[in-house]
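Participant: Here you go, one structure.
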Amino acid sequence: MRKIVTEDLVYEILSAIEEIPEGKVASYGQIARLIGRDKNARLVGKVLSRAEDYGDYPCHRVVNHSGRIAPNFPEQKDRLLAEGVAFKNDTCVDLEKHRWEI
C-alpha cells in the first residue's frame, strides 16, 4: 500500500466496517463517505483486501455500488447467506432489502 494509507486510516475504515449490522451490507463508497473520504472507494477496497492482517472484521458485509460481491473472496457469499442476506442473482446482493442505511 502507498504511504497515504496510514495505520490510523486503516483502523478508521475497519471501525466503520464493524458498525455494519448483521444481515446488512454497505458499499465501498458508503464506507468512504462515512469516514469523510467521498472519492476513495477504491482505497477502502484496498484496505479491506488486507484486513485479515489487522484482526477479525466483518469485511464480507462490503460490496460494490451495485451489490456485487468480491470475485476474489470466495467465502463472502456463504457468510452473507448465513446472515440471511438475499441475492438477486449468483453474485449480487439484493440492495433494496439489505443495504445498510447510514
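Participant: What's the number of the only condition in (1) in contact with a Lys or Arg (Cβ under 6 Å, 6 or more places away or on another chain); (2) hydrophobic (A, V, I, L, M, F, W, C); (3) in contact (Cβ under 8 Å) with a residue 40 or more places away in the chain that Ala26 fails to meet?
Facilitator: Just one mismatch for Ala26, condition (1).
Participant: So, one more: Residue by residue through segment 29-41, note down the ones that are outside any loop (DSSP other than H, G, I, E, B) and either touching a Leu at 6+ places or on another chain (Cβ under 8 Å) or modelled with pLDDT under 95 (or both).
Facilitator: Of everything in segment 29-41, just one residue is outside any loop (DSSP other than H, G, I, E, B) and either touching a Leu at 6+ places or on another chain (Cβ under 8 Å) or modelled with pLDDT under 95 (or both), namely Ala32.
Participant: Scanning segment 50-73 for residues that are among the polar types (S, T, N, Q) and open to solvent by 40 Å² or more (accessible area, probe 1.4 Å), which turns out modelled with the lowest pLDDT?
Facilitator: Looking at residues that are among the polar types (S, T, N, Q) and open to solvent by 40 Å² or more (accessible area, probe 1.4 Å), I get Asn72.
Participant: Please work out which residue is surrounded by the most Cβ atoms within 10 Å (Cβ to Cβ), limiting yourself to segment 13-25 and to residues that are out of contact with any Gly (no Cβ under 9 Å at 6 or more places or on another chain) and part of a helix (DSSP H, G or I).
Facilitator: Across segment 13-25, the extreme among qualifying residues is Ile13.
Here is a yes/no grid of residues against (1) touching a strand residue (DSSP E or B) at 6+ places or on another chain (Cβ under 8 Å); (2) at negative phi; (3) of a type in the set (Asp, Glu):
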{"position": "Cys59", "(1), (2), (3)": "no, yes, no"}
{"position": "Asn64", "(1), (2), (3)": "yes, yes, no"}
{"position": "Asn72", "(1), (2), (3)": "no, yes, no"}
{"position": "Asp78", "(1), (2), (3)": "no, yes, yes"}
{"position": "Ala86", "(1), (2), (3)": "yes, yes, no"}
{"position": "Ile102", "(1), (2), (3)": "yes, yes, no"}
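Participant: Now, a different point. For segment 85-102, which residues satisfy the criterion of being open to solvent by 50 Å² or more (accessible area, probe 1.4 Å) and touching a residue at least 60 places away in the same chain (Cβ under 8 Å)?
Facilitator: Hits for segment 85-102 are Arg99, Ile102.
Participant: Can I ask one more? For segment 51-102, give me each residue that is outside any loop (DSSP other than H, G, I, E, B), closer than 27 Å to Thr6 by Cα and not small (Gly, Ala, Ser).
Facilitator: Glu52, Asp53, Cys59, His60, Arg61, Val62, Val63, Gln76
Participant: Answer yes or no as to whether Tyr28 is aromatic (Phe, Trp, Tyr), closer than 18 Å to Ile4 by Cα and either open to solvent by 20 Å² or more (accessible area, probe 1.4 Å) or in contact with a helix residue (DSSP H, G or I) (Cβ under 9 Å, 6 or more places away or on another chain) (or both).
Facilitator: So Tyr28 fits the description; yes.
The values are calculated or read from the model by the stated rules, or taken from the named source; none is laboratory data. From a predicted model like this one, the values you see are computed outputs, not experimental measurements. Cβ coordinates were reconstructed from backbone atoms using ideal geometry, including for glycine residues, and neighbour counts include every protein chain displayed. Protein only, heavy atoms only, side chains kept; ligands, DNA and RNA dropped before computing areas. Shrake-Rupley method; radii C 1.70, N 1.55, O 1.52, S 1.80 Å.
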